[in-house]
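The values are calculated or read from the model by the stated rules, or taken from the named source; none is laboratory data. Just so you know, these numbers come straight off a predicted model, no measurement behind them. Every residue, glycine as well, gets a Cβ built from its backbone with ideal geometry; the counts of neighbours run over all protein chains shown.
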Amino acid sequence: MIGSVLGAAAINYTIIHSPIVFVMIAALLFHEFGHFLIARYKGGDPDLPFLIPLFPLIIGLTRIRNLEERHARSVLLAGPAFGVLFILLTILFNVLYGIWPFVPLFFMLIFEIVMNFFGSDGIKYRKLKPQPI
C-alpha cells in the first residue's frame, strides 16, 4: 500500500509540479484510515485500506467484514470526518506558517465535503435505514 501511495504521489507531483499533491494524498489516507479505525473500534474486521491510482485520480477502498448494521452509519461518517479534520488542521498549519496557497486547500475541503455527500460514502449512508436505539 505504501509503495502504491508513494508511486502515485511521485507521478502526480512530476506532472503537476506542486507539493499540494502530497497533502491531497495524505487527506485520502486519513479518510480511509478513519473508516478503518472506527470499524475496528466498533468490532468489525476491516482490511487495511488500499489505494488504486487512476491518473489523475486516486481511489481509496477499505473492505470491512463482520460489521453489525447498527454501526455502519458511524463507520461511513468516520472517513469524511477524519478527512475534513485533517484538511482543517492543514489549513490551520498553513495560517501559521504560510507554506501552500490557500485556494487549493479550500477546494480540497469543499471537495471532501461535497464528494462524500454525493459520492459512494454518501450514497451508502443515505441507503441505510435508521436503527432503533
| request: Scan the range 105-132 for residues that are crowded, with 16+ Cβ neighbours inside 10 Å and over 14 Å from the mean Cα position of the chain (by Cα) and jot them down. | output: Leu105, Tyr125
| query | If you check Arg65 against the conditions, is it surrounded by fewer than 13 Cβ atoms within 10 Å (Cβ to Cβ), over 16 Å from the mean Cα position of the chain (by Cα), among the basic types (Lys, Arg) and at pLDDT 90 or above? | reply | yes
| said: If I filter the range 90-99 for residues that are buried (at least 17 other Cβ atoms within 10 Å of the Cβ) and either within 20 Å of Arg40 (Cα to Cα) or in contact with an Asp or Glu (Cβ under 9 Å, 6 or more places away or on another chain) (or both), do I get at least one hit? | reply: no
